[in-house]
Amino acid sequence: MNLNLKRLSVLVAAGAALLAATAGPAQAEEPIYPAALTHTRLVLDPAERGYTGTMQFTVTYRGTTANPNLSVVIAEPTAHSWDSISIDTPCMFNYGEDQRRSIGCGLESFEPGQTRTYTLTFHAYTPVQTEPMLATGGQLSIVDGIAGTVSRVRDFNATFRGANGKLKNPVPYVQDAQTDMTLTAGGSVTLVRQADGSFLGRLPMTLAWHGDAPNNEVWVGVDVPAGWYTPDTEPSANAPCWTGCSAPGGDWFDGEVRSFDMLIHAPEDTVVGSTGTISSTVQNGWGFTPITDVTPADNTVTFSYTVAD
């Protein structure tokens, strides 16, 4: 079994413990834990498309035998801010009611007395402000896939450095809980017969994004007739499509406007000359629950189609 598969099996076995580790307040501390955990301060500096920063954490294993079952659990201080860990390892995600995620990532096997240091990278997709800001509620802990939490639960904050360079006297950071998207599309699409006898059309679309609500899949659904589907976008979203596609381009940032073509496919037995209307709606997926939009009316467009030879 390769290293990544081994870590993945550990994460699956430890799933319940990983999710429980940040599900509520930390348990009363015991005098000694099998794993000692420390971390550095998290400062997010102004960068392209928001703020970025890193935080190191150090684990010392105080057990008496080797332990291959350890993972780190991170409760991110703001929704959609955790980016990566410095080792190649599988991670699991749990989406909380406040939209922040708990992330569990497998660690290497630890020998008794062994110490390792890792780096977490964060990226907050929010516009840079002149004054510093502070986000609270981050947590860090070490979990054993069998024994549960084996370190103290460490609280941490994220301090956003102001554009003025300051860190002192930060104001509270307040993240948008709703999206603010606007979808527009060309008024009509013509599906033209292809070499294999089927029909294909391109509908120009434009999506505008405002605010800093979390996002990891902005889905553009298309209510096509039975037997029709949307094979892809151009440029490609590099994700599965069927009756819609993810908007291409990855994570969204305040003020971004992206234009792309939605490809629409119809089978070869479609009647040439047929016409009709199709509607398309954009949704921001975050975990298993779409995030509502401040103005849902501008998330849907209707356009006409014509099938031509």
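The values are calculated or read from the model by the stated rules, or taken from the named source; none is laboratory data. Here the structure is a predicted model, which means the values were calculated and not measured. Quick reminder, even Gly has a Cβ in these numbers, built from the backbone with ideal geometry, and neighbours come from all protein chains shown.
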>> Condition first: surrounded by fewer than 21 Cβ atoms within 10 Å (Cβ to Cβ) and over 23 Å from residue 257 (Cβ atoms). Now tell me which residues in the stretch 162-189 satisfy that.
In response: 162, 163, 164, 165, 166, 167, 168, 169, 170, 171, 172, 174
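Do we find that residue 200 is in contact with a Pro (Cβ under 6 Å, 6 or more places away or on another chain), surrounded by fewer than 17 Cβ atoms within 10 Å (Cβ to Cβ) and hydrophobic (A, V, I, L, M, F, W, C) in this structure? Break it down stepwise before answering.
Numbers: in contact with a Pro (Cβ under 6 Å, 6 or more places away or on another chain): no; surrounded by fewer than 17 Cβ atoms within 10 Å (Cβ to Cβ): yes; hydrophobic (A, V, I, L, M, F, W, C): yes.
Judged against the criteria, residue 200 is not a match.
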> How many residues are in a loop (DSSP other than H, G, I, E, B), under 18 Å from residue 154 (Cβ atoms) and among the hydrophobic types (A, V, I, L, M, F, W, C) when one looks only at the stretch 72-116?
Replying inline: 1
> If you check 136, 179, which single one turns out to be closer than 25 Å to residue 302 by Cα and of a type in the set (Ser, Thr, Tyr)?
Replying inline: 179
> In the stretch 224-252, what count of residues is obtained for those that are part of a loop (DSSP other than H, G, I, E, B) and more than 12 Å from residue 200 (Cα to Cα)?
Replying inline: 19
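Under the condition of being buried (at least 19 other Cβ atoms within 10 Å of the Cβ) and not small (Gly, Ala, Ser), which residue from the stretch 100-121 is farthest from residue 145 (Cα to Cα)? First the steps, then the outcome.
Let us first name the residues in the stretch 100-121 that are buried (at least 19 other Cβ atoms within 10 Å of the Cβ), namely 100-107, 110, 120.
Add one more test, that the residue is not small (Gly, Ala, Ser), and what stays is 100-101, 103, 105, 107, 110, 120.
Values: 100: 23, 101: 19, 103: 14, 105: 11, 107: 11, 110: 13, 120: 21 Å.
That would be 100.
I'd like to know if the stretch 117-124 contains one or more residues that are touching a Pro at 6+ places or on another chain (Cβ under 9 Å) and not in a loop (DSSP other than H, G, I, E, B).
Quick first cut of the stretch 117-124, residues touching a Pro at 6+ places or on another chain (Cβ under 9 Å) only: 122, 124.
If we keep only those that are not in a loop (DSSP other than H, G, I, E, B) as well, we get 122, 124.
Yes, the stretch 117-124 contains a residue that is touching a Pro at 6+ places or on another chain (Cβ under 9 Å) and not in a loop (DSSP other than H, G, I, E, B).
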> How many of the residues making up the stretch 59-107 are farther than 22 Å from residue 135 by Cα and in contact with a strand residue (DSSP E or B) (Cβ under 9 Å, 6 or more places away or on another chain)?
Replying inline: 20
> Is there a residue in the stretch 211-230 that is crowded, with 19+ Cβ neighbours inside 10 Å, among the polar types (S, T, N, Q) and farther than 28 Å from residue 99 by Cα?
Replying inline: yes
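Rundown of residues vs (1) in contact with a Gly (Cβ under 6 Å, 6 or more places away or on another chain); (2) on the phi < 0 side of the Ramachandran plot; (3) assigned by TED's automatic domain parsing to the domain that holds residue 149; (4) modelled with pLDDT of 95 or more, yes/no style:
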{"residue": "9", "(1), (2), (3), (4)": "no, yes, yes, no"}
{"residue": "49", "(1), (2), (3), (4)": "no, no, yes, yes"}
{"residue": "71", "(1), (2), (3), (4)": "yes, yes, yes, yes"}
{"residue": "76", "(1), (2), (3), (4)": "no, yes, yes, yes"}
{"residue": "96", "(1), (2), (3), (4)": "no, yes, yes, no"}
{"residue": "101", "(1), (2), (3), (4)": "no, yes, yes, yes"}
{"residue": "107", "(1), (2), (3), (4)": "no, yes, yes, yes"}
{"residue": "112", "(1), (2), (3), (4)": "yes, yes, yes, yes"}
{"residue": "116", "(1), (2), (3), (4)": "no, yes, yes, yes"}
> So which residues in the stretch 294-309 are farther than 26 Å from residue 284 by Cβ and among the β-branched types (Val, Ile, Thr)?
Replying inline: 306, 307
> When both residues are 6+ apart or on different chains and their Cβ atoms are under 7 Å apart, which pairs have a first residue that lies in the stretch 48-60 and is over 19 Å from residue 37 (Cβ atoms), and a second that is buried (at least 21 other Cβ atoms within 10 Å of the Cβ) and among the hydroxyl-bearing types (Ser, Thr, Tyr)?
Replying inline: 49/125; 50/125; 50/126; 51/126
